[in-house]
Amino acid sequence: MDDDAHEKTRYRGFGPVTGLPIHDARVDLDGFPPHLRAVARELFPPVLEKAREPLVGITTDGHVVPDLFALQDTDWNPEPATRAAIAFLDHLTPARRENVLFAVDADEWRMWINAFPTWDPHGLCLDDLEPAHRERALAVVEASLSATGFSEARTAMKLNAALGELIDRYRDTLTEYRYHFAVFGTPSATEPWGWQLWGHHLDVHCFIVGRQLVLTPTFIGAEPTEADRGTHQGLSLFDDQRAAGLDLRRGLRPHQERRAVLHTSMRVRDLPAELADPVNGRHLGGAAQDNRVIPYAGLPAGELSGGQRESLLHLVHTYARRLPDGPAAAFMEGVERHLDDTHVAWIGGSGDDDAFYYRVHSPVVLIEYDCQQGVFLDNDEPQPFHVHTIVRTPNGGDYGRDLLRRHLARHHSPRRTGSTGR
């Protein structure tokens, strides 16, 4: 990055959170000055309270569309992931095993945040594990994802450390391994189980039942999206997701643009207050939003030409490819099946250096990509170097919850439908 670019991105400045009481990746609300504590509580979503509400799922009107998901064979072998999880658990002390293992339907699935919690995080922190135990935990993640998916997860972790180096602050928080890992249920090649890896800019939820896998919600972000110096120089995220979004946007005809583009500017002063939020930006499906009502907006995909539909499917695939081949193919088949019910929304420009937001929303997928204002860096307008993305499965599909319900109904008598795990 040249000197002019450095000046443009203002990397040398510090953002609005550099004076906050953040230690070991936790926010201490008591550390705020008294006159700011009420504001601070509003800034951090009430994750714990929301997690204890019955899971309905993201819907367009508060009502779940029925019969969208089915138990099936996706031609994926769960045994490597199962063996990796068993090896991880078998090498833990009883106390650590107790801290990392939860019921397959535990509330802790939903107790995550892409920023920093105000509560004691559940699971085991990778930073607190011996290297061998840490590698066994990461082996579970690697065995469950595609090579691309694992690379993106690890890159997000390393970019977190690169941010710590860049601003030379919060060195107990902005590290490569300040992420919590938890296992849900008993790892098995046939029975339902899963895992969760969560922390700053990375929250991955993986539910496994037989030869089927659900990888939502998955939040991946980065500030900045590229490390241009330091230990992790050369790493970057979201190049393909950005390029595919721009390709789809630029391929729209003028009458389609008028429907797809909700706002032509991402500048804070040009957006309604609810779309200029400094914490979540335009994101609707982030932490603590498992039951949010999100009406369709933008351009229906049924109005796209054949080539435009291919561009849309390519965009979705840049996220689906985090899954192993079989589950990725099943995911894309579901997206294609509901393509006519899919909507595409855009906010911002479409130039090479523009900040923008896009949303792809159907009965079976919600994808959001958002350029953000600075948090640790001091850009007061959304910029392409700070990005949040999320992928969800609406209508009760997140955390594999609909598949868990179907599995229990098919294979377990009513008196055996309780939780497994802790």
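The values are calculated or read from the model by the stated rules, or taken from the named source; none is laboratory data. Since the model is a prediction, treat every value here as computed from it, not as a measurement. Backbone-built Cβ (ideal geometry, glycine too); neighbour counts: all protein chains shown. Note: areas computed on protein heavy atoms with side chains; ligands, DNA, RNA excluded. Shrake-Rupley method; radii C 1.70, N 1.55, O 1.52, S 1.80 Å.
If you go through segment 348-376 and keep only what is more than 17 Å from L312 (Cβ to Cβ) and within 21 Å of the chain's Cα centre (by Cα), you end up with A355, D370, C371, Q372, Q373, G374, V375, F376. Out of the residues in segment 244-279 that are open to solvent by 60 Å² or more (accessible area, probe 1.4 Å) and of a type outside the set (D, E, K, R), state the one that is nearest to the chain's Cα centre (by Cα). Across segment 244-279, the extreme among qualifying residues is P278. Here is the figure for segment 175-185: residues that are out of contact with any strand residue (DSSP E or B) (no Cβ under 6 Å at 6 or more places or on another chain) and over 20 Å from D120 (Cβ atoms) total 1. Being touching a Pro at 6+ places or on another chain (Cβ under 6 Å), surrounded by fewer than 24 Cβ atoms within 10 Å (Cβ to Cβ) and part of a helix (DSSP H, G or I) is the filter here, so list the residues in segment 360-407 that pass it. Matches in segment 360-407: L404, H407.
Kindly check whether there is at least one residue in segment 369-379 that is at pLDDT 95 or above, touching a strand residue (DSSP E or B) at 6+ places or on another chain (Cβ under 8 Å) and of a type in the set (V, I, T). Looking through segment 369-379, none of the residues is at pLDDT 95 or above, touching a strand residue (DSSP E or B) at 6+ places or on another chain (Cβ under 8 Å) and of a type in the set (V, I, T). In this structure, is D247 among the acidic types (D, E), closer than 25 Å to N379 by Cα, at pLDDT 95 or above and part of a helix (DSSP H, G or I)? So D247 fails the test. Filtered by the rule that a residue be basic (K, R) and free of Cβ contacts under 8 Å to residues at least 24 places away in the same chain, segment 235-281 gives R253, R258, R269.
In segment 95-119, the qualifying residues are those that are touching a strand residue (DSSP E or B) at 6+ places or on another chain (Cβ under 8 Å) and free of Cβ contacts under 8 Å to residues at least 40 places away in the same chain, and the one that is farthest from H407 (Cα to Cα) is R96.
Can you report the number of residues in segment 77-88 which are of a type in the set (A, V, I, L, M) and either open to solvent by less than 10 Å² (accessible area, probe 1.4 Å) or outside any helix (DSSP H, G or I) (or both)? Walk me through it before giving the result.
If we filter segment 77-88 for residues that are of a type in the set (A, V, I, L, M), which is where we start, we get 81, 84-87.
Imposing the further condition that a residue be either open to solvent by less than 10 Å² (accessible area, probe 1.4 Å) or outside any helix (DSSP H, G or I) (or both) reduces the set to 81, 85.
Residues flagged as of a type in the set (A, V, I, L, M) and either open to solvent by less than 10 Å² (accessible area, probe 1.4 Å) or outside any helix (DSSP H, G or I) (or both) within segment 77-88 amount to 2.
Checked against the criteria, R41 does not count as among the basic types (K, R), modelled with pLDDT of 95 or more and surrounded by fewer than 16 Cβ atoms within 10 Å (Cβ to Cβ).
Please determine whether any residue of segment 228-235 is under 21 Å from E135 (Cβ atoms), open to solvent by less than 10 Å² (accessible area, probe 1.4 Å) and modelled with pLDDT of 95 or more. Scanning segment 228-235, I find no residue that is under 21 Å from E135 (Cβ atoms), open to solvent by less than 10 Å² (accessible area, probe 1.4 Å) and modelled with pLDDT of 95 or more, so the answer is no.
Surrounded by fewer than 19 Cβ atoms within 10 Å (Cβ to Cβ), in contact (Cβ under 8 Å) with a residue 12 or more places away in the chain and either in a loop (DSSP other than H, G, I, E, B) or not aliphatic (A, V, I, L, M) (or both): does that describe A287? No: the conditions fail for A287.
For the residues S311, S350, the requirement of being in a helix (DSSP H, G or I), open to solvent by 20 Å² or more (accessible area, probe 1.4 Å) and small (G, A, S) singles out S311.
Does F102 satisfy the criteria of being over 28 Å from A156 (Cα atoms) and buried (at least 20 other Cβ atoms within 10 Å of the Cβ)? Write out each step before concluding.
Working: over 28 Å from A156 (Cα atoms): no; buried (at least 20 other Cβ atoms within 10 Å of the Cβ): yes.
Considered against the rule, which asks whether it is over 28 Å from A156 (Cα atoms) and buried (at least 20 other Cβ atoms within 10 Å of the Cβ), F102 comes out as no.
Being farther than 26 Å from Q241 by Cα and either acidic (D, E) or touching a Gly at 6+ places or on another chain (Cβ under 7 Å) (or both) is the filter here; which residues of segment 182-207 pass it? Let's see the steps before the verdict.
Residues of segment 182-207 that are farther than 26 Å from Q241 by Cα, as a first pass: 182-194.
Matches in segment 182-207: A182, F184, G185, T186, T190, E191, P192, W193, G194.
Taking the stated definitions as given, is G302 out of contact with any helix residue (DSSP H, G or I) (no Cβ under 8 Å at 6 or more places or on another chain) and either farther than 22 Å from L271 by Cα or open to solvent by 10 Å² or more (accessible area, probe 1.4 Å) (or both)? Quick ask: steps written out before the conclusion?
Numbers: out of contact with any helix residue (DSSP H, G or I) (no Cβ under 8 Å at 6 or more places or on another chain): no; either farther than 22 Å from L271 by Cα or open to solvent by 10 Å² or more (accessible area, probe 1.4 Å) (or both): yes.
So G302 does not fit the description; no.
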